[in-house]
Amino acid sequence: RDFPGSHFIRQVWTEFWLWRFPVPFPSRQPGFTWRIAPAVKQQKFVSSPAIAPGYLYLGDTSGRFYSKEIVKGTTVWEFNTGVPISKSPLIVGDTVYFGTKLGDFYALNTKTGNLNWALSLHSPMAANPTYGEGRILVRTEDGLLTAIE
């Protein structure tokens with residue numbers, strides 16, 4: 001048995017090597033180090049995590065928001081909103097921002113998981129939050145763009 005697509009990967013790597021592109025040698029044992037699953041078995045992750053040095057932040061469809069240590073996959077802290085989280089979070093400095101399906105928007109301390117503040121956007125988020133010009137920008141399903149200082 002072989003890793004799916006490994007022949008293609010080796011072929012492409014060989015072509016890069018022949019053309020003298022600086023490529024690292026491919027790993028001999030492809031795979032993963034650890035996996036995570038939501039605390040509630042019937043729930044799932046539907047968005048990408050936000051990554052900060054050493055940690056990842058991710059919400060699930062049961063409303064739990066997790067901080068995980070990247071190397072070992074251990075949970076650092078958990079925050080429960082009780083409402084599904086379907087968009088990717090945003091990290092700015094020592095704060096992680098995310099929203100729920102009911103339109104609540106949260107700001108948590110990345111180290112402790114303590115709630116800095118929460119506000120209602122009155123509509124679910126339609127896209128992932130972004131940061132620019134000192135403001136968090138959030139587009140909601142009611143067609144509005146909200147700028148938060």
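Quick notes
- Selected residue (criterion: surrounded by the fewest Cβ atoms within 10 Å (Cβ to Cβ)) from residues of the stretch 86-96 that are in a loop (DSSP other than H, G, I, E, B) and in contact with a strand residue (DSSP E or B) (Cβ under 9 Å, 6 or more places away or on another chain): Asp94
- Residue-level check: of (1) touching a strand residue (DSSP E or B) at 6+ places or on another chain (Cβ under 6 Å); (2) more than 21 Å from Leu137 (Cα to Cα), Pro53 misses just (1).
- Summed over the stretch 117-137, residues that are part of a strand (DSSP E or B) and under 16 Å from the mean Cα position of the chain (by Cα) total 3.
- Residue within the stretch 97-109 that is open to solvent by 60 Å² or more (accessible area, probe 1.4 Å) and in a strand (DSSP E or B) present: no
- Neighbours by Cβ (under 9 Å, 6+ apart or cross-chain): first from the stretch 39-51, modelled with pLDDT under 85; second of a type in the set (Gly, Ala, Ser): Ala39/Ser62; Val40/Ser62; Gln42/Ser62; Gln43/Ala37; Gln43/Ser62; Gln43/Gly63
- Within the stretch 21-38, restricting attention to residues that are open to solvent by 60 Å² or more (accessible area, probe 1.4 Å) and of a type in the set (A, V, I, L, M, F, W, C), the residue that is modelled with the lowest pLDDT is Phe25.
- Index of the failed condition, Leu115 passing every other in (1) aliphatic (A, V, I, L, M); (2) open to solvent by less than 70 Å² (accessible area, probe 1.4 Å); (3) modelled with pLDDT of 95 or more: (2)
- Evaluation of Ile136 against (1) within 16 Å of Leu58 (Cα to Cα); (2) buried (at least 17 other Cβ atoms within 10 Å of the Cβ); (3) not aromatic (Phe, Trp, Tyr) (one fails), failing number: (1)
- The set of residues in the stretch 61-73 being more than 16 Å from Leu108 (Cα to Cα) and in a loop (DSSP other than H, G, I, E, B) consists of Thr61, Ser62, Ile70, Val71, Lys72, Gly73.
- Taking the stretch 91-116 as the range and being on the phi > 0 side of the Ramachandran plot and over 18 Å from the mean Cα position of the chain (by Cα) as the test, only Gly103 passes.
- In a residue-by-residue description of the stretch 74-95, the property of being out of contact with any helix residue (DSSP H, G or I) (no Cβ under 9 Å at 6 or more places or on another chain) and at pLDDT below 85 applies to no position.
The values are calculated or read from the model by the stated rules, or taken from the named source; none is laboratory data. Keep in mind it's a predicted model, so treat the numbers as computed, not measured. Every residue, glycine among them, receives a Cβ derived from its backbone with ideal geometry; neighbour counts consider all protein chains shown. Please note that ligands, DNA and RNA were not included when accessible areas were found on the heavy atoms of the full protein model with its side chains. Shrake-Rupley method; radii C 1.70, N 1.55, O 1.52, S 1.80 Å.
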